[in-house]
Amino acid sequence: MDGFPLSITEALCLGSSLALSGICYYLYRKSRTTVDKLDDAPHLIIDGNLKNILKVTPGACLQYAVIEGAVRPVGEPLTSHFQKEIVGVLQKFMLREHRLLWNSLSRTWMDSERVLHERVNAVPFVLVGSDETAVKVLCPLQASGVYMEMTHEKFHQVNYGLGDIVGQFLSGEKLKGQLEIEEMLKVGASLTGVGELIMDRDGSLNLRPPSNGSQYFLSITDFETLRGDQESNAVWWKVLATGFALAGVVVLLWVGRRYYRHLKIRSEREKERREFERLQAEALRARLAGTAPEALQDSADVQIENACVICLSQPRNCILLDCGHVCCCHNCYQALPQRRCPICRQNIRRVVPLYHV
């Protein structure tokens, strides 16, 4: 594509679409792999037979397994700060500040928030089956999925005085209030765990993050809902990857169309140049056959006087049609950025040689 100008906008659009398509495809493959692993993972019931299964498993370890059980604390549970009757094993408290910021471009107030305080408390807990068989859950905060329920949410609105209102409009910043949220994994909740299931030397069962890099899940929903959420994520990443790839193809087609037109115009100009040189050579032979040497010298002086208005060094040797102006040489005509007459700015449909008689 020598000599073909690729605009910065086209290059940015093409590069961005390819990069975003690659990122989305990577995330799609990652989500798809997670769904496939969930489909292949064995579903085990927490009962006395679970230890027997692990005893015959190499290393007493299942790298990826699905279990479901009721949450029970090991020791004293956590108590909600706002509802004393609610107890759990995981507790998360968050305090968010909401503000309105003035956007001078859109001339509107934009919502903004930031976390002022966040605290997470946890106590050891197990998943209990129907016959009181327990599986201890390790590193629960590293797990993905929805495994906590909201137990408290309250927004504390700020009351403004006259001085506050004036200060807000001068600073372009308005405090709305603070939102406090408490989430807990309640005792007795049914929890689905997906991870590496192992049996220690003392015979205790543990569920922990997989050592092979697979995704660790804890969810208060059932397995089918958990799998459906992961399937939806994979579909959305696939749609985004396809959309960005199609955008890149559109940009490539647009660039290819421009390049084709560029080659076509260059070919037409080359053909026009050869035709002009042929006509010019025929005219020169005709002049040499019927003109005396003194007349040729006079013609050369006339050519110097009628210099090209663009380069001022070559004689005017072409006629621009349809306007009929004789103002430039053929080389300068071909170098024009647009096919318009330099004198009257009309479109040039064709050009013919100028014959000096």
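Only one of (1) among the hydrophobic types (A, V, I, L, M, F, W, C); (2) closer than 30 Å to residue 64 by Cβ; (3) in a helix (DSSP H, G or I) fails for residue 246. Which number is that?
So the condition that residue 246 fails would be (2).
Answer yes or no as to whether residue 182 is in a strand (DSSP E or B), surrounded by 14 or more Cβ atoms within 10 Å (Cβ to Cβ) and charged (D, E, K, R).
Here the answer is yes, as residue 182 does meet what is asked.
List pairs: first residue in segment 237-261 and within 21 Å of residue 30 (Cα to Cα) and without any contact (Cβ under 8 Å) to a residue 12 or more places away in the chain, second residue of a type in the set (Phe, Trp, Tyr) and part of a helix (DSSP H, G or I) anywhere in the structure, Cβ distance under 8 angstrom, at least six positions apart or on different chains.
Correct list of pairs: empty, since none qualify.
Of the residues that sit in segment 188-211 and are of a type in the set (S, T, N, Q) and in contact with a Lys or Arg (Cβ under 8 Å, 6 or more places away or on another chain), which one is modelled with the lowest pLDDT?
204
For the list (1) of a type outside the set (Gly, Ala, Ser); (2) at pLDDT 80 or above; (3) at negative phi, I need the number of the one condition that residue 345 fails.
(3)
Within segment 191-223, can you find the residues that are in contact with a Ser or Thr (Cβ under 7 Å, 6 or more places away or on another chain), of a type in the set (Asp, Glu) and assigned to a loop (DSSP other than H, G, I, E, B)?
Scanning segment 191-223 gives a single hit, 222.
Could you say which residue among 95, 90, 101, 105 is in contact with a Gly (Cβ under 9 Å, 6 or more places away or on another chain) and either in contact (Cβ under 8 Å) with a residue 24 or more places away in the chain or more than 23 Å from residue 225 (Cβ to Cβ) (or both)?
Only one candidate qualifies: 101.
Which condition number in (1) assigned by TED's automatic domain parsing to the domain that holds residue 55; (2) farther than 27 Å from residue 82 by Cα; (3) among the hydrophobic types (A, V, I, L, M, F, W, C) is the one that residue 234 fails?
Status for residue 234: all satisfied but (1).
Looking at (1) at pLDDT 70 or above; (2) of a type outside the set (S, T, N, Q); (3) on the phi < 0 side of the Ramachandran plot, find the lone condition where residue 312 falls short.
(3)
How many of the residues in segment 144-155 are assigned to a loop (DSSP other than H, G, I, E, B) and small (Gly, Ala, Ser)?
Matching residues across segment 144-155 total 1.
Would you mind stating whether residue 45 is in the same structural domain as residue 137 (by TED's automatic domain parsing) and either within 21 Å of residue 227 (Cβ to Cβ) or among the small types (Gly, Ala, Ser) (or both)?
yes
What is the residue count in segment 132-163 for residues that are within 18 Å of residue 220 (Cβ to Cβ) and of a type in the set (Ser, Thr, Tyr)?
3
Within segment 156-171, is even one residue in a strand (DSSP E or B) and charged (D, E, K, R)?
no
The values are calculated or read from the model by the stated rules, or taken from the named source; none is laboratory data. Computed from a prediction, not measured in an experiment: that's the story for all the values here. Note that we place each Cβ from the backbone using ideal geometry, even for glycine, and neighbour counts take in every protein chain shown.
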